[in-house]
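Below is one structure, written out as structure tokens; comments come after it.
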Amino acid sequence: MAQRAVPIIAALIVAGLVIGPVTAVLWRGGGFSALSSADLDALSFTIWQAFWSAIISVVLAVPVARALARRSFFGRSALISVMGAPFILPVIVAILGLLAVFGGRGFLNIVLGPLGVPKLDIYGAHGVILAHVFFNLPLAVRLILQGWLAIPSERFRVAASLGAPVFWVLEWPMLRRIMPGAFAVIFVICLGSFAVALTLGGGPKATTVELAIYQAFKFDFDLSKAASLAVVQLCLGLAAGGAALLLSRGDMIGVGLDRVVQRWDGSCILDGVWIMLAAAFLLAPLMAVLVAGLPGVLDLPPSIWPATLRSLFIALGAVILTMALALPLATKAGEAASLLGISVSGLVLGTGLFLIVQPFVRPSDVALPVTMLVNVLMALPFVLRILRPGVESARDDFGKLGQSLGLSGWTLWRIVYLPRLRRPMGFAAGLTGALAMGDLGVITLFSRPGEGTLPLVMYQLMGAYQMQAAYGAALLLVALSLGLFWAFDKGGRANAVV
Amino acid sequence: MLWCDQAMFGQGTYELSADLKIEAGKVTAVIGPSGSGKSTLLGGIAGFHPQHSGRVLWKDADITLLPPQNRPVSMLFQDNNLFPHLTVMQNVGLAVSSRLRLTVPQRDRVNAILDRVGLGGLGDRLPAALSGGQQSRAALARALLQDREIMLMDEPFSALGPGLKAEMLDLSVELAKAAGRTVIMVTHDPADAARVADAVIGVAPGIAFAPAVTSQFLRDPPEAFKDYLG
């Protein structure tokens with residue numbers, strides 16, 4: 001039964017990698033009584049900012065999604081594609097872009113300042129929420145747009161011929177079904193926010209639990225406190241993740257949003273305004289990085305190149321490991337198991353792994369492998385969701401044929417499944433590579449000064465106010481992330497016979 | 001002789017009982033209304049469906065517990081008989097080797113069988129570059145090249161037009177007989193059975209009856225098939 005053994009081994013590895021660190025955290029954590037009032041403030045801020053980030057994202061997404069659903073215009077499908085980009089955009093790059101637009105010396109302040117508008121300040125709680133809306137508005141738009149496009153077009157025709165109020169008859173019931181799920185998914189994502197809070201938050205009024213874990217590590221050198229906070233984050237993630245699983249419908253990485261439903265209602269101008277506002281909000285920070293980054297490329301410090309190599313090593317290693325684990329796990333049970341990882345945040349895993357390796361090696365010696373592993377666990381749920389339909393249809397279509405020809409085990413994978421899965425594998429590998437390339441999370445706990453990854457070095461440049469170089473690094477990072485995604489995705493598509 | 005000895009084949013919650021003997025070297029048609037379990041019978045013989053009780057024997061050897069690849073059975077499925085990403089040569093070559101690079105003698109064998117089914121010179125094409133009839137021929141070529149004594153056909157030509165379907169049926173039976181194969185073919189068309197089958201197994205919901213001589217079955221069908229055959 002060697003064929004059964006491989007999925008079981010893969011499942012055990014994944015379960016072990018999640019359960020091991022979680023156990024370490026639970027064992028070392030001091031329980032809730034060990035929490036100070038500052039920790040409780042962090043807990044309430046985490047929930048508060050996640051709530052508002054999710055509410056604002058979902059509410060703003062409604063008019064944007066409606067406009068996209070009923071208007072056909074030049075660049076519509078390009079705009080919808082761009083809405084998928086924040087998913088693979090390195091968080092730190094987006095933050096730099098937001099700083100360029102909304103920051104103290106940003107574009108808006110330069111333009112609005114002379115008009116007497118009070119100076120905008122992006123640091124603090126509202127900055128955290130702004131960044132979260134930037135990342136999650138596109139996700140909300142895509143989820144809600146799916147709901148809109150799922151309404152059969154005949155119903156709009158009937159409603160129009162009856163003069164019935166389209167919103168109350170057709171759209172509100174759909175929104176009532178989709179919005180709670182979209183809210184829950186975004187709420188969970190924002191609960192685990194680290195890099196945004198690290199850069200834009202901080203201080204007593206804008207510290208998330210994840211950031212508090214980092215601070216316990218870095219500033220207090222207090223591992224028990226970090227572990228206690230990790231337990232808090234773990235409970236938070238599991239509770240909210242469970243709720244999200246119950247509420248969420250629809251596919252986060254859905255395709256087929258290219259259709260426009262013919263409609264006989266609504267204002268063309270208003271829809272246009274919404275689309276322009278959303279596009280400007282999403283594109284301006286990216287443009288800012290591009291414009292400011294080009295001269296910065298010449299200004300890059302030499303330390304950037306080893307950091308780039310480390311990041312590439314992590315990204316490519318994560319791709320290989322993720323694929324090796326995902327292929328045998330691409331079943332319903334495997335997908336459910338991998339969801340374990342999604343409600344356990346990267347920093348919780350990092351804290352646990354730190355506690356586990358610390359007695360044996362210096363944690364900074366294993367910074368790169370640990371970062372790679374955590375990224376593998378974070379990417380697995382998405383990768384499995386992408387691969388499973390392909391594996392299942394290959395099994396349905398060709399499983400019996402393969403069996404009757406005596407193909408089994410690795411031969412079956414080599415001749416039948418791998419060639420059938422080229423496209424989804426390329427896409428999934430691209431996502432994994434881009435996410436790992438841009439990850440700024442667990443590496444902050446483990447790395448020694450001077451041995452950071454590209455996102456970490458970029459963050460350090462920002463901290464040192466070397467903005468020119470930081471913009472250059474951002475451009476390099478975004479080019480590598482998107483480049484990795486593009487290369488894998490393209491590799492999967494080339495010559496694929498479907 | 002293929003003997004289903006009080007066999008119960010399951011597919012999900014569905015069960016089909018079969019207690020029958022099929023003569024070796026003959027063509028046996030399996031007829032019955034859709035959903036009655038014709039495919040379940042073939043899948044059971046091929047080893048794809050779990051067998052809940054009874055035995056299946058081929059030439060007195062018990063094959064009940066053998067996995068599909070170890071049974072003396074080749075199968076033409078209703079669809080998806082060819083891997084779309086492999087060439088015709090590679091698809092057919094899987095009958096002799098699971099390496100996609102064939103040795104020269106293996107290539108010669110594949111080419112010979114392709115010639116026999118009328119696909120000479122088309123070995124380098126992908127299935128998508130073939131017509132429906134040609135795809136059926138490629139699948140037939142592989143089933144013939146597989147060195148298995150029983151050939152199961154689960155309506156592999158049902159997507160073809162009537163003329164082409166009859167032509168492929170004739171060709172399959174002719175080549176299978178020449179190779180000494182025992183053919184068991186599902187059909188919902190009594191005319192197919194009349195054309196090529198020596199015997200007919202009637203399948204009513206839940207039960208497969210023992211084979212009857214074709215002419216007799218069609219002239220005087222059992223009670224359960226009168227409505228179906230009209």
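The values are calculated or read from the model by the stated rules, or taken from the named source; none is laboratory data. Note that the structure is predicted; figures quoted are calculated from it, not measured. Backbone-built Cβ (ideal geometry, glycine too); neighbour counts: all protein chains shown. Each accessible area value is taken on the protein alone, full model and side chains, heavy atoms only, with ligands, DNA and RNA left out. Shrake-Rupley method; radii C 1.70, N 1.55, O 1.52, S 1.80 Å.
Peptide B:76-87: average number of partner chain Cβ atoms within 10 Å per residue?
4
What nm distance separates the two modelled labels at A:ALA479 and B:ARG219, each placed 7 Å from Cα along Cα→Cβ?
8.6
May I ask you to list the aspartates and glutamates whose Cα is less than 20 Å away from that of B:LYS21, ignoring any residue fewer than eight positions away on the same chain?
Cross-link targets: B:ASP5, B:ASP60, B:ASP62, B:GLU149, B:ASP154, B:ASP198.
Mind checking A:412-423 for the average number of partner chain beta-carbons within 10 Å of each residue's beta-carbon?
2
Given points 7 Å out from each Cα along the Cα-Cβ axis, report the B:GLN6 to A:ILE19 separation in nanometres with one decimal.
In this crude spin-label approximation the distance works out to 4.5 nm.
List the lysines whose Cα lies under 21 Å from the Cα of A:LYS119, skipping any in the same chain that are fewer than 8 positions away.
A:LYS205
Among B:TYR14, A:VAL59, B:SER53, whose Cα sits farthest toward the positive end of the charge dipole of the protein assembly as shown (+1 at Cβ of Lys/Arg, -1 at Cβ of Asp/Glu, about the Cα centre)?
Positive-most Cα among the choices belongs to A:VAL59.
Can you give the accessible area per residue of chain A, in Å², using a 1.4 Å probe? All intermediate terms of the calculation are to be shown ahead of the outcome.
On the way: 21760 Å² over 498 residues.
For chain A, the per-residue accessible area is 44 Å².
What total accessible surface area, summed over both chains, is buried at the interface between chains A and B, computed with a 1.4 Å probe and given in Å² to the nearest 100?
1800
Once you charge only the Cβ atoms, +1 for Lys and Arg and -1 for Asp and Glu, what is the size of the charge dipole of the protein assembly as shown about its Cα centre, to the nearest 20 debye?
Dipole about the Cα centre, nearest 20: 860 debye.
Cα atoms only, the protein assembly as shown: Rg and Dmax in Å?
For the protein assembly as shown, the Cα radius of gyration and maximum Cα-Cα distance read 31.7, 101 Å.
Suppose we take every Cα in the range A:143-185 and form the convex hull; what volume per residue is that in Å³?
Taking the convex hull of the Cα positions in the range A:143-185, it is 50 Å³ per residue.
Whenever you get a sec, compute what percent of the accessible area on the range A:31-292 sits on carbon and sulfur atoms (1.4 Å probe). All intermediate terms of the calculation are to be shown ahead of the outcome.
On the way: 8200 of 11760 Å².
Solvent-exposed carbon and sulfur of the range A:31-292 make up 70 percent of the total.
Taking the highest mean first, how do the peptides A:270-278, A:288-296 order by number of other beta carbon atoms within 10 angstrom per residue? Please list the in-between numbers first.
Values: A:270-278: 15.9, A:288-296: 18.7.
In decreasing order of mean packing, A:270-278, A:288-296 become A:288-296, A:270-278.
Residues in the range A:414-458, backbone N under 20 Å from the label point at A:SER393 (7 Å along the Cα-to-beta-carbon vector): list them, ranges by number please.
Residues passing the 20 Å test: A:414-431.
Stretch A:ALA164-A:LEU270 to full length: gain in nm at 0.36 nm per residue minus the Cα-Cα span?
Working: separation 106, 0.36 × 106 = 38.16 nm, distance 2.08 nm.
Gain on stretching A:ALA164 to A:LEU270: 36.1 nm.
Kindly flag which residue pairs out of B:LYS38/B:LYS59; B:LYS38/B:LYS226; B:LYS26/B:LYS226 have an alpha-carbon separation exceeding 20 Å in this structure.
B:LYS38/B:LYS59; B:LYS26/B:LYS226
Using the Cα centre of the range A:326-478 as the reference point, and only Cβ charges (+1 on K/R, -1 on D/E), how large is the resulting charge dipole? Debye, rounded to the nearest 20. Could the numbers behind the result be given before it?
On the way: 11 positive and 7 negative charges, 85 e Å.
So the magnitude is around 400 debye.
Explain nothing, just the number: relative contact order of chain B, from Cα pairs under 8 Å at least 6 residues apart, as a whole percent.
Working: 438 pairs, mean separation 68.2, N = 230.
This gives 30 percent for chain B.
Would you list, by chain and number, the lysines whose Cα falls below 28 Å from the Cα of A:LYS490, excluding same-chain residues fewer than 8 positions away?
Output for A:LYS490: A:LYS332.
Which order do peptides B:196-203, B:22-29, B:146-153, A:405-412 fall in by mean Cβ count within 10 Å, highest first?
Those peptides, ordered most packed to least, come out B:196-203, B:146-153, B:22-29, A:405-412.
Suppose each label sits 7 Å from its Cα in the direction of the beta carbon; what would the B:TYR14-A:MET287 distance come out to in nanometres?
So the two model labels end up 6.0 nm from each other.
Report the FRET efficiency, 1/(1 + (r/R0)^6), for B:LYS26 and A:LEU12, where r is their Cβ-Cβ distance and R0 is 56 Å, rounded to 0.05.
0.65
What do you get for Rg/Rh of the range A:31-292 when both radii come from the Cα atoms and Rh is the Kirkwood radius?
1.02
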